[in-house]
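*Asks:* Take a look at this one; I'll ask things after.
The values are calculated or read from the model by the stated rules, or taken from the named source; none is laboratory data. Predicted, not measured: the structure shown is a model, and the values here were computed from it. Using ideal geometry, Cβ is built from the backbone for each residue, glycine included, and neighbour counts are taken over all protein chains shown. Note: accessible area is taken over every heavy atom of the protein model, side chains too, but ligands, DNA and RNA are not part of it. Shrake-Rupley method; radii C 1.70, N 1.55, O 1.52, S 1.80 Å.
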Amino acid sequence: MNILMPTDFSENSWNAISYALSFFQNVYTNFYFLNIENNDWEETDVTVAQSTATNTQKSFQILLARLAKERKNNKHQFFTATESGNFIEAIRQQVTDKEVDFIVMGTQGASGYKEATVGSHSTDVITRVKCPVLVIPEDARYTEPKRITFPTDFNISYKNKVIHTLKQVCHFNESALSVLYLSKKEEDLSESQESNKNYLKEQLMEMEHSFHFTQNNTLEEAVQSFVTSHETQMITMMAKNLNFFQHILFHPLAKKISYHKEIPFLVLHE
């Protein structure tokens, strides 16, 4: 298993790293820690470039020392790298070069805007990089994910890659999957929705799962109610259903909505 972890050496970034070490503790894993420098200085300013490189090297040494103390087992190997230039292009290149299976990152970086649900870098990776992304909120603390909730409206088909990732994630910690159909009003499923639901049900037969329905004018409130009552430890969604996805992950700013601050999100890509 190859895991890419972009890091800016912030505590939020460390929280994501700590979570990942526990989540993948039963899996032989290569962790690739990547720091991406956005070079705003002139190419001729060699002193600034050298100083930045030195600081990054020291930060990686501190990180590796901290990892040595937190190491869960000998199944994990750690690698570090520094890239400069465009953030998303650097991520995409690493995903290709390292054959990355998952990207894991925090919701906010060192200069994260606290009023935003998810920081700009995390948002860009979620929406622009075709790789499963596990997003760890700064208030999330690792709890073995025995229950994973999969909100959906059954309006898109489920490709084999998505199904495989769902099964894989549940297998890591023997998690049960709760498929949650969300709707703003009570109505019968369309023919295509019914077909997508039946296909998903067929593909999940070999693993522990359940199907649920909840109706609420506000999708965020529906998710909050369900994850609280069903003691959910992780939420997983498909990035392809962008309108539905954005409401649940990017817009829950109401005070009574707290899942986006406490529960990790796994974003699936086809």
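*Asks:* For region 213-239, name all the residues that are open to solvent by less than 50 Å² (accessible area, probe 1.4 Å) and closer than 19 Å to LEU166 by Cβ.
*Replies:* Residues satisfying the conditions are VAL223, PHE226, VAL227, THR232, GLN233, MET234, ILE235, THR236, MET237, MET238, ALA239.
*Asks:* I've got another one for you. Provide a single number: the residues in region 187-211 that are within 23 Å of the chain's Cα centre (by Cα) and either open to solvent by 50 Å² or more (accessible area, probe 1.4 Å) or of a type in the set (Phe, Trp, Tyr) (or both).
*Replies:* 3
*Asks:* Additional query: Please work out which residue is modelled with the lowest pLDDT, limiting yourself to region 221-270 and to residues that are among the hydroxyl-bearing types (Ser, Thr, Tyr) and assigned to a helix (DSSP H, G or I).
*Replies:* TYR259
*Asks:* Is at least one residue of region 37-49 open to solvent by 40 Å² or more (accessible area, probe 1.4 Å) and either at pLDDT 90 or above or within 23 Å of VAL169 (Cβ to Cβ) (or both)?
*Replies:* no
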